[in-house]
Amino acid sequence: MVEKKIVLIVADGMGDRLIPKLGNKTPLEVANKPVMDELARLGVTGIMDVVGVGVPPGSAPANLALLGYDPYKYYTGRGAFEALGLGLDLMPGDVAFRANFATVDSDFHVLDRRAGRSLREGDVLAEAVSKIKLESAKDVSIIFKRGVEHRGVLILRGSGLSRDVSDIDPEKEGVKINMSKPLANTPEARKTAEILNEFTLKSFEVLSRHPANLSRVARGEKPANIILCRGAGTLPSVEKFTDRYGLRGVCIAGIPLIKGVARAVGLDVLNVEGATGGLDSDFMAKADAAIKSASNYDFIFVHVKATDTASHDGLIDRKIEVIERIDRMVGRILDGLSGYELYLAITADHCTPVSLKEHSGDPVPVLIYGPNIVNDDVNSYSERACMKGGLGRIRGLDLLPILINYAGKAAKFGE
């Protein structure tokens, strides 16, 4: 008997709006993508509100929804998913934050939120930050881990903490950093805000005089002289994917956030060499990992970040190029999994129109391909074409149950 496999391919921010420069077409409409167009012709298509109608979703809640978990119930702040994605284990009561090495002046005006992005001294600076001791709460310890480039994660571990605190990072330059404030009138929120403020000021003291930063300044580079935190989060309590759906699942992604979402719901995570999450990511390495993983897993989740990166930077041509590379990746996955009964979906976790350079609440196109699925009359994969598809307009939470049903793995309701 031929084994059945479910593959979900998510291209971050792939959806878009009409672009005058492209003759009032979208990047999906212009891109040369014969594989996805053929799958649209053979399968069924539609459009999807990933989190809600008109709601611009963040990537973590969006991907929770696509994996079948209501983000309004299970999203507990981005910091927690970033920490899980970096391989850190969170304990109940921990509060985790996204963190940037940044550059500020002596009055704490932000000169560069990313300290020039390139940070070859990041590991040694992270080690120094990890040694900070808190005076305001001696029962709370610090765990700090550097991520890619200027990024990192801060975990506060101890009693009486809360994620109901405001961000330090103002998320723009030329202004002063924020001081964290409690967002709830509780002792836990006040304590956490006080700790975060102390940590921030101490990070400036430690990093400003660190030899690695003194060397950066001597070379004419920006010092990574402070840690700016945002996105407080706590460990979500969720039913694991295998228990919920009866499927063994794996995630193939390049960025810690998506790896963290996958870990949170109980998917195994593969670290693929060359899968950077950037425009230089090796999509074919992801395809090969997906093919290889099929021998051990029923559900394979492949995430591509580069479409979103190009969108945020307003790079129309690069977005088209990335879509075409994704098409070739899909082709390799199809070829490599030809020995299985394959049910495959392609979609985006949100739109990121290049004209906005930000996430929007527009619906995204979705296609589902598999044996004996009744196809519709759509012949290409794009926003406009999929509006006419047989799936109609669905929610992000609907996608996985539809796939599981097509694969014959859905539990019967009633007798």
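The values are calculated or read from the model by the stated rules, or taken from the named source; none is laboratory data. Note that this is a predicted model, so its numbers are computed, not measured. Cβ coordinates were reconstructed from backbone atoms using ideal geometry, including for glycine residues, and neighbour counts include every protein chain displayed. Note: accessible area is taken over every heavy atom of the protein model, side chains too, but ligands, DNA and RNA are not part of it. Shrake-Rupley method; radii C 1.70, N 1.55, O 1.52, S 1.80 Å.
When Thr307, Thr242 are checked against the criterion of being among the β-branched types (Val, Ile, Thr) and touching an Asp or Glu at 6+ places or on another chain (Cβ under 8 Å), a single residue qualifies: Thr307. Here the condition is being touching a strand residue (DSSP E or B) at 6+ places or on another chain (Cβ under 6 Å) and over 26 Å from Tyr72 (Cα atoms); of Gly408, Gly339, Gly390, Gly331, it holds for Gly390 alone. For the range 370-379, check the following and say yes or no: at least one residue is farther than 28 Å from Val2 by Cα, at pLDDT 95 or above and under 22 Å from the mean Cα position of the chain (by Cα). There is no residue in the range 370-379 that is farther than 28 Å from Val2 by Cα, at pLDDT 95 or above and under 22 Å from the mean Cα position of the chain (by Cα). If you go through the range 282-318 and keep only what is farther than 30 Å from Val2 by Cβ and open to solvent by less than 10 Å² (accessible area, probe 1.4 Å), you end up with Ala306, Thr307, Asp308, Ala310, Ser311. Can you name every residue in the range 117-170 that is open to solvent by 30 Å² or more (accessible area, probe 1.4 Å) and among the acidic types (Asp, Glu)? Matches in the range 117-170: Asp123, Glu127, Glu135, Asp139, Glu149, Asp164, Asp167. Going through (1) closer than 30 Å to Gly231 by Cβ; (2) assigned to a helix (DSSP H, G or I) one by one, Leu8 falls short only on (2). Residues that are touching a residue at least 40 places away in the same chain (Cβ under 8 Å) and either in contact with a Leu (Cβ under 8 Å, 6 or more places away or on another chain) or closer than 28 Å to Asp308 by Cα (or both) do not occur anywhere in the range 214-221.
Being free of Cβ contacts under 8 Å to residues at least 40 places away in the same chain and open to solvent by 10 Å² or more (accessible area, probe 1.4 Å) holds for only one residue in Ala385, Ala410, and it is Ala410. Taken together, the residues in the range 1-33 that are within 20 Å of Val304 (Cα to Cα) and open to solvent by less than 80 Å² (accessible area, probe 1.4 Å) amount to 19.
Within the range 232-256, residues that are closer than 17 Å to Asp349 by Cβ and assigned to a loop (DSSP other than H, G, I, E, B) sit with their Cβ atoms under 9 Å from residues that are of a type in the set (Phe, Trp, Tyr) and open to solvent by less than 30 Å² (accessible area, probe 1.4 Å), at 6+ positions apart or across chains, in these pairs: Ala253/Phe301.
Note on the range 34-60: residues that are surrounded by 20 or more Cβ atoms within 10 Å (Cβ to Cβ) and within 24 Å of Lys409 (Cβ to Cβ) total 8.
Determine, yes or no, whether Glu321 is more than 29 Å from Asp268 (Cβ to Cβ) and either of a type in the set (A, V, I, L, M) or open to solvent by 30 Å² or more (accessible area, probe 1.4 Å) (or both). Criteria met by Glu321. When only residues in the range 192-230 that are small (Gly, Ala, Ser) and farther than 15 Å from His150 by Cβ count, which is surrounded by the most Cβ atoms within 10 Å (Cβ to Cβ)? Ranking the candidates gives Ala193 first.
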